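Read the figures in this text as sums done on the coordinates, not as results from a lab. A quick note: this is a predicted structure, and the numbers were derived from the prediction, not measured. Every residue, glycine among them, receives a Cβ derived from its backbone with ideal geometry; neighbour counts consider all protein chains shown.
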Amino acid sequence: MTASGTFGYGPEFSDFIDVTRLGAVIVKGTTLNYREGNPYPRMAETPSGMLNAVGLQNKGVNYFAEHIYPSIKGLNDNIIVNVSGSQIEDYVATAEKVAQLDGVTAIELNISCPNVKQGGMAFGVTACGAAEVTKAVRKVYPKTLIVKLSPNVTSISDIAKAVEAEGADSVSLINTILGMAIDAERRKPVLSTITGGLSGPAVKPVALRMVWQVAQAVQIPVIGLGGIMNWKDAVEFLLAGATAIQIGTANFIDPAVTVKIIDGINEYLDRNNFSSVQEIIGALEV
């Protein structure tokens, strides 16, 4: 799959790859209303990764449904919409709108958003908050519900179990890790928001550990992401227990990386005499 926010809406990559080969295309974060996003600068390179503070810039779910969805329907068998909000009512209203789109097979709930009713604390940093938003969306959304988990927590397994109990069909992890960059010469933060989300190879060991922990804690499928840059990284996540994987930051470096990873996984399976990728999911020997 493609990680939300790193692949646009899909057509942007059609000149580079056959998008139908992907397991799913997860489109950029969609909110109830138009969002301008954060002021520039809102992206910064870091050693082995990148920081972003784009701020969920998008034109809102109604614009998506009326103008973007018609042009991407049929692009891939599995179009997934990443849904974000600043209060539970936002998530619910957006999910209801997306549920009406036949060509969208699932939504991915981004629960790393700050809950304005709770002083800005992200929904996903407490089991209670994560469960509450999952339960509310589950009531109105009948199709596949994926919940994207924040790594900025003490026990990600507890939060995964909480959303599973409230009806999540799957969990995806990890979202970005909170970080920052400083311009020493100017003595100022690099990002306008001071802090931002760290992604790329730097977060892979954390993501791999969390996927392994969550895969042992829940019965629902786990989707792994975080620093996957090549087929070997992808195989490691599968061995740790991920049923599927998402490619994010690597798309910015190589727009054809997704299909290269698919080919690499297939070559690995053939080389090791596996008949199906299912044989290596959770096959880590400890």
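A Förster radius of 25 Å combined with the Cβ-Cβ distance from ASP183 to PHE252 puts the calculated FRET efficiency at roughly 0.70.
Need one number: % antiparallel among DSSP beta bridges in the range 11-280, to the nearest 5.
40
For the chain, the membrane-span-like helix rule (DSSP H, alpha carbon extent of at least 15 Å along the helix axis, mean Kyte-Doolittle at least -0.5) picks out 88-99, 127-140, 204-217, 257-271; this says nothing about an actual membrane.
Over all pairs of different C-alpha atoms, the range 1-159 has a mean inverse distance whose reciprocal, the Kirkwood radius, equals 16.3 Å.
Net length available on complete extension from VAL259 to ILE17 is 86.4 nm, with 0.36 nm assigned per residue and the Cα-Cα distance removed. Neighbours of LEU145, meaning other residues whose beta-carbon lies under 12 angstrom from its beta-carbon, give a summed charge of +1 when Lys and Arg score +1 and Asp and Glu score -1.
Among the chymotrypsin sites (Phe, Trp or Tyr not before Pro) found in the range 15-106, those both in a DSSP coil and sparsely packed, with 15 or fewer other Cβ atoms within 10 Å of their Cβ, are PHE16, TYR34. Between GLU89 and TYR63, take the C-beta separation as r, use R0 = 22 Å, and let me know the FRET efficiency to the nearest 0.05. Approximately 0.70, to the nearest 0.05. Note on the range 32-109: antiparallel DSSP beta bridges, both residues inside, total approximately 50 percent of the bridges counted.
Annotation: amide H-H contacts under 5 Å for ASN82 (H modelled 1.01 Å from N, sequence separation of 5 or more, or interchain): VAL27, THR30, GLU108.
Given a Förster distance of 25 angstrom, what is the FRET efficiency for VAL277 paired with ARG209, based on the Cβ-Cβ distance and rounded to 0.05? The value I calculate is 0.70. With Cα atoms as the point set, the radius of gyration and Dmax of the range 164-274 evaluate to 16.5, 56 Å.
Considering only ASN58, ASN251, ASN273, the mean-square fluctuation computed in a Gaussian network model of the chain, springs between alpha carbons under 10 angstrom, is largest for ASN273. The structure-derived value of percent of Cα pairs over 37 Å apart appears in the list [x] 8; [y] 22; [z] 16 under the label [x]. On the principal axes of its alpha-carbon atoms, the range 222-262 has extents of 26, 14, 12 Å, going from largest to smallest.
By the compact-protein rule of thumb, 2.2 N^0.38 Å, the alpha-carbon radius of gyration of the range 79-158 corresponds to a ratio of 1.04.
Within the chain, the longest run free of exposed loop sites, counting GluC sites (Glu not before Pro) that sit outside DSSP helix and strand states (H, G, I, E, B) and have at most 12 other Cβ atoms within 10 Å, spans 37-184. Spacing of the modelled spin labels on ASP77 and ALA165, each 7 Å from Cα toward Cβ, amounts to 3.6 nm. Distance between the pseudo-spin-label points of SER192 and TYR34 (7 Å out from Cα toward the beta carbon): 1.7 nm. Summarising the amide proton neighbourhood of ILE182: residues at separation of 5 or more, or on other chains, whose placed amide H is nearer than 5 Å comprise VAL190. Taking amide H as placed 1.01 Å from N in the peptide plane, ILE177 has its amide H under 5 Å from the amide H of LEU198, each at least 5 places away in sequence or on another chain. Distance between the C-alpha centers of the range 234-283 and the range 20-85? Whole Å please. That distance is 23 Å. Please check the chain for the longest run free of trypsin sites (Lys or Arg not before Pro) that are loop-located per DSSP (anything but H, G, I, E, B) and have at most 16 other Cβ atoms within 10 Å. Within the chain, the longest run free of exposed trypsin sites (Lys or Arg not before Pro) spans 188-286.
Overall, the ratio between the Cα radius of gyration of the range 49-95 and 2.2 N^0.38 Å, rounded to two decimals, is 1.36.
Where Rh denotes the Kirkwood radius from the mean inverse Cα pair distance, what is Rg over Rh for the range 121-168? Don't jump to the answer; show the numbers that get you there.
Working: Rg = 10.0 Å, Rh = 10.6 Å.
Expressed as Rg/Rh, it is 0.95.
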